[in-house]
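The structure appears right after this line, and notes come after that.
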Amino acid sequence: MKTDVVVIGGGPSGMSASLEARKQGAKVVLIDVESRLGGILNQCIHNGFGLKHFKEELTGPEFANKLAEKVYQSDITVLLKSYVNFIGKNIVYAITPNGQEKIECKAIVLCCGARERTAGEIYLKGKRLAGVYTAGTVQKMINFYGKLPGKNAVILGSGDIGLIMARRLTLEGVKVKSIFEIMGHSSGLRRNIRQCVEDFEIPLLYNHTITRVVGKERVEGVYYAEVDENRNPKPETEKFIECDCVLLSVGLIPENSLLPEETKREKFVLVDDERQTSVEGIFISGNVLHIHDLADNATEEGEIAGKFAGLKALNMSKRYEKVKVYFSAKISYCMPQLINKKEDGKFTIYLRANDNFLKKYIVVKCGDVDIARKFCIGITTGEMQEIEVEYEKIKGDLFVDIGD
Amino acid sequence: MVFDYAVIGGGIVGTSIFNKIIRKGKSCVLIERELDLSTGSTKANSGLIHAGFDAKTGSLKARFNVRGNDLVEDLAKQLKIPFKRTGAVVVGNDIEKLNALYERGINNGVKDLKIVSTEELRMLVPNLSEDIKYGLYAKTAGLISPYMFAIALAEEGVKNGGVVKLDFNINKFTFSDGIFTMCGEDDEVACKKVVNCAGAGFNEVSKLLNVEEFPIKFRRGEYIVIDKSDFVKLSVFPLPTALGKGILATPTIDGNILLGPTAEDIDDYDTETTNNGIDKILSYIKSTFKNVPLNKNIRQFSGIRVSVGDDFIVKKSDKNENVVLIAGINSPGLTSAPAIAEYVVEELFCEKNKDINLIPRDSYFQGDSGRIVCRCEKIGENEIIRALNSPVPCYTVDAVKRRVRAGMGRCQGGQCMIEVCKLIAKRYGLKLEDVKKESKNSFVMFNGGTYEN
């Protein structure tokens with residue numbers, strides 16, 4: 001098979017990347033391992049999606065459907081139940097229902113999303129019993145299959161999926177006994193803390209973690225304790241709580257195993273404002289690049305990657321000198337890290353703060369000159385910030401800071 | 001029917017003996033109380049085929065280890081399971097101790113042993129810390145999947161007329177007119193000769209058989225599993241101590257890295273992982289290696305080594321000559337198992353005729369893999385279905401995991417566990433909420449609304 005652009009992953013970012021690449025005139029093949037498009041949105045049956053991108057409140061499947069309909073109305077080739085085994089320069093190998101398929105292409109957009117951090121990765125101590133699951137697995141269990149993980153749950157971690165699942169379990173009649181968060185604050189959205197936890201009076205204990213999972217064959221309870229400033233449990237504060245399942249919401253990790261090793265040396269895959277990696281012709285967007293708070297943001301990023309992958313495949317992209325994006329210690333990361341010095345137009349820098357700030361400015365500097373400033377009433381670690389910058393103001397490397 | 005032999009305990013020793021008896025053309029039944037084979041020590045060890053320099057010369061351990069190491073290669077080939085001689089190296093600065101170990105190895109009959117220089121050691125283990133100078137290199141050491149080894153031995157046995165009974169908890173033994181009758185909850189088995197290799201359950205079985213019991217001790221070993229990496233390409237041991245071979249860093253046959261085990265004497269059979277254990281592994285590994293890929297840590301587990309004194313017990317019962325007792329099989333038990341089986345069947349039971357040719361078992365991985373279910377390990381639906389239809393029943397999520405590795409990867413089943421449950425449910429005509437993780441009451445999920453299990 002031959003095409004211009006192959007998009008791997010049919011979630012919001014992959015669908016929007018496909019649509020944008022097609023809009024440029026490129027022939028597009030969209031591949032997904034599941035039997036329908038939508039990615040993880042299909043199991044997110046709660047609302048709160050689409051406010052930014054579609055200007056209306058949607059559930060996950062509704063959001064996915066809006067994009068999927070457009071994909072099916074176009075002449076994008078969709079390969080479902082197909083697993084991409086390997087990607088190389090201008091080549092994608094996939095296992096499809098019809099066997100091994102070799103797809104030659106001119107650009108690849110990787111939109112494979114993220115996976116959940118597991119009990120092993122956080123060294124959760126105790127026995128490996130039935131009843132310890134990641135929050136997303138339980139979401140699938142309940143929303144796809146109508147099954148429950150137990151009757152009395154505790155949740156470790158207060159990421160968005162954990163908060164959403166606290167509400168979901170409660171609505172399904174499962175008692176959520178407590179949520180433990182090792183940090184002093186939640187990494188989830190403020191609206192989720194209000195709507196999923198506070199409204200249901202679920203105890204959320206900050207600076208606490210699970211020290212031991214106990215039981216014979218299934219989970220029968222956990223020991224938990226307060227942690228000190230180094231996040232080590234204080235033994236004297238250890239207590240027991242009875243429960244029959246433990247949900248983990250302890251972070252998402254980009255599932256970028258398909259990327260060539262050379263692109264993965266840093267904490268984040270290095271991309272430019274077109275979302276192209278250091279390997280020419282390989283673009284990347286959505287949660288596989290960095291974890292987004294909103295499907296809307298992943299969708300927007302897919303549009304960027306898809307557009308430039310399309311142009312690249314059609315030999316319509318231009319080369320520019322690149323500048324780097326540096327940032328202060330108040331910021332944990334900025335995306336993208338490289339900017340093409342284009343003549344006109346605008347681009348957006350996405351960033352995540354290291355701490356919570358009240359009434360501050362996000363500032364982008366070029367040398368001593370402020371080239372963009374944005375006032376923010378509240379900046380939290382849980383919510384991604386964004387700031388628009390004009391290309392024509394770039395004279396050299398950029399520095400992003402949070403200041404007055 | 002009256003079986004010629006009954007083997008009690010479906011670990012690596014039991015499955016090896018079961019297989020060997022079938023090779024002698026005798027009838028045999030393998031009894032296991034859990035829902036799958038290899039759920040005790042066999043599933044939770046380093047997966048090493050040891051060279052044999054460590055055990056005391058003249059001991060059963062030394063004898064069976066060296067012989068077992070010889071036997072494994074052909075056996076693995078026949079069983080169509082991967083085995084690789086990757087080698088092992090004991091590292092340290094105490095050259096005298098290394099020399100003593102070398103001498104012991106030579107006395108035990110170990111081939112291809114040598115003391116390596118600092119430069120050679122760097123080549124063998126590039127990530128070893130700079131201040132470690134010498135090594136004892138054993139070329140014949142290798143890697144195997146311990147649970148897959150046991151399962152494949154049993155599958156081949158069943159394919160050739162043997163019987164495996166899982167979920168068979170023996171309540172009672174009777175012995176009359178040279179025939180043993182074992183009663184389970186709703187099943188009875190009769191046989192002429194019995195092997196007790198029930199591992200941690202040895203004494204319970206011996207009591208029912210009215211034969212010798214031994215003071216069995218439990219020693220827990222914790223491990224850290226790292227996702228696929230080339231951090232070490234062979235097994236790296238510290239110098240051994242009284243507690244065992246020490247914490248090692250080794251690749252597994254599937255490409256993961258194992259760090260561990262610790263060695264802690266405990267009172268009850270308890271497979272918890274602990275703060276102390278994990279900290280011990282981390283501090284030792286960090287002090288001995290550089291570039292440890294701890295960011296790819298995916299799991300921890302602990303296994304129990306049973307022991308009765310320093311050596312293995314492999315002998316006929318003094319109280320009933322139709323019973324063979326096998327106890328205290330700890331390291332190098334996995335390596336020794338084929339040699340123990342050979343000794344038990346040929347020497348103790350005097351089955352001296354030549355092995356018959358067996359119909360080979362089918363690999364799960366021959367043929368089209370189908371739709372990929374486990375994305376991390378790239379395991380297809382057809383491969384899981386072949387495992388579910390293999391000669392030894394495969395009832396649980398962990399049983400599937402051991403056979404095809406679905407759920408062994410970096411997401412630890414987060415993506416595929418429910419799909420695996422669906423395939424199990426379909427195979428056995430169960431509801432999703434009836435599917436178990438490992439043991440009888442380890443239900444994965446419950447029906448929405450009514451939670452009555």
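Spin-label model, residue B:239/residue A:102: points 7 Å from Cα along the beta carbon direction are separated by 5.6 nm. Along the axis of the charge dipole computed for chain B (Cβ charges of +1 for Lys and Arg, -1 for Asp and Glu, origin at the Cα centre), the listed residues B:304, B:166, B:429 are led at the positive end by B:429. Quick one: of the DSSP bridges fully inside the stretch A:118-250, what percent are antiparallel, nearest 5? About 40 percent, rounded to the nearest 5. Is the stretch B:254-385 rounded, prolate or oblate when judged by the Cα gyration tensor, a ≥ b ≥ c being the square roots of its eigenvalues, rounded requiring a/c under 1.5 and prolate requiring a/b larger than b/c? Oblate, because a/c is 1.5 or more while a/b does not exceed b/c.
Divide, for the stretch A:285-404, the radius of gyration over alpha carbons by 2.2 N^0.38 Å, where N is the residue count.
For the stretch A:285-404, the normalised Cα radius of gyration comes out at 1.08.
Taking the stretch B:224-261 and a reference point 7 angstrom along Cα→Cβ of residue B:363, the backbone N atoms nearer than 20 Å belong to B:252-256. Site pair residue A:191 and residue B:115 shows an inter-label distance of 7.2 nm when each label is modelled 7 Å from Cα along Cα→Cβ.
Of the residues A:249, A:332, A:186, the one with the fewest other Cβ atoms within 10 Å heads the list, and the complete ranking is A:332, A:186, A:249. Relative to its residue count, the stretch A:272-340 spans a Cα convex hull of 84 Å³ per residue. Rounded to the nearest 20, the size of the Cβ-charge dipole of chain A about its Cα centre is 600 debye, with Lys and Arg at +1 and Asp and Glu at -1.
For the stretch B:372-434, the convex hull spanned by the alpha carbon atoms encloses 65 Å³ per residue. Relative contact order of chain A: 17 percent, from C-alpha pairs under 8 Å at least 6 residues apart in sequence.
Kirkwood-type hydrodynamic radius, the stretch B:119-253: 19.6 Å, calculated from all non-identical alpha-carbon pairs. Once a ≥ b ≥ c are taken as the square roots of the eigenvalues of the Cα gyration tensor of the stretch A:118-250, is the result rounded (a/c under 1.5), prolate (a/b larger than b/c) or oblate (a/b not larger than b/c)? Note, shape of the stretch A:118-250 comes out oblate. The calculated Kirkwood hydrodynamic radius for the stretch B:404-453 is 11.7 Å, given to one decimal from all distinct C-alpha pairs. Bin by bin, in steps of 10 Å, what percent of the Cα pairs in the protein assembly as shown do you find, going until the bin that has the longest distance? Histogramming the protein assembly as shown at 10 Å steps yields 2, 12, 20, 23, 20, 13, 7, 3, 1, 0, 0 percent.
If you plug the beta carbon distance of residue A:253 and residue B:129 into 1/(1 + (r/R0)^6) with R0 = 35 Å, you get a FRET efficiency near 0.75. When the pairs A:81/B:431; B:228/B:401; B:172/B:207; A:267/A:360 are compared against a 19 Å limit on Cα-Cα distance, A:81/B:431; A:267/A:360 fall above it.
Oblate is the label for chain B, because the ratio a/c of its alpha-carbon gyration tensor axes (a ≥ b ≥ c) is 1.5 or higher and a/b is not greater than b/c. Counts of other chain beta carbons within 10 angstrom of each beta carbon in peptide B:267-274 average 3. When you filter the GluC sites (Glu not before Pro) in the stretch A:194-237 for DSSP loop state and at most 12 other Cβ atoms inside 10 Å of their Cβ, you are left with A:201, A:229.
Evaluated over the stretch B:9-87, the count of Lys pairs having alpha-carbon atoms less than 26 Å apart is 18 (only pairs 8 or more residues apart or interchain). Checking every one of the trypsin sites (Lys or Arg not before Pro) in the stretch A:263-298 against DSSP loop status and a limit of 14 other Cβ atoms within 10 Å picks out A:265, A:267. Remark: A:15, B:182, B:1, A:1 ranked as B:1, A:1, B:182, A:15, counting other beta-carbon atoms within 10 Å and listing the fewest first.
Select from B:10, B:22, B:39 the residue farthest towards the positive end of the dipole of the stretch B:1-45; place +1 on Cβ of Lys and Arg, -1 on Cβ of Asp and Glu, and compute about the Cα centre. After comparing all options, I get B:22. Annotation: amide H of residue B:3 within the under-5 Å range of B:190, B:191, B:192, sequence separation 5 or more or interchain, hydrogens built in the peptide plane.
Taking the Cα centre of chain B as origin and assigning +1 to Lys and Arg Cβ atoms and -1 to Asp and Glu Cβ atoms, the resulting dipole is close to 1100 debye. Considering only alpha-carbon pairs that sit under 8 angstrom and 6 or more positions apart, the relative contact order computed for chain B is 20 percent. The trypsin sites (Lys or Arg not before Pro) of the stretch B:332-392 that DSSP puts in a loop, and whose beta carbon has at most 13 other beta carbons within 10 Å, are B:352, B:354.
Calculated FRET efficiency, residue A:267 to residue B:171, Cβ-Cβ distance, R0 = 41 Å: about 0.10 to the nearest 0.05. Using R0 = 45 Å, the C-beta based FRET efficiency linking residue B:210 and residue B:286 works out to 0.30. Between residue A:91 and residue B:80, the simple label model (points 7 Å from Cα in the Cβ direction) yields a spacing of 2.9 nm. For the protein assembly as shown, a simple Cβ point-charge model (Lys and Arg +1, Asp and Glu -1, everything else neutral) yields a dipole of about 1340 debye relative to the Cα centre. Counted by neighbouring Cβ atoms within 10 Å, the residues B:191, A:112 run from fewest to most as B:191, A:112.
In chain A, taking the dipole from charged Cβ atoms about the Cα centre, the farthest positive-side position among A:134, A:380, A:80 is held by A:80. Treating each Cα of the stretch A:219-359 as one equal point scatterer and applying the Debye formula with no solvent, the log10 of I(q)/I(0) at q = 0.19 Å⁻¹ comes out as -1.19.
Across the stretch B:372-434, C-alpha contacts under 8 Å between residues 6 or more apart give a mean separation that, scaled by the residue count, equals a relative contact order of 34 percent. With Cα atoms as the point set, the radius of gyration and Dmax of chain A evaluate to 22.1, 66 Å.
Here, each number is a calculation from the coordinates, and none is a lab measurement. What you see is a predicted model; the values in this text were computed from it and never measured. Note: ideal-geometry Cβ built from the backbone for every residue, glycine included; neighbour counts use all protein chains shown.
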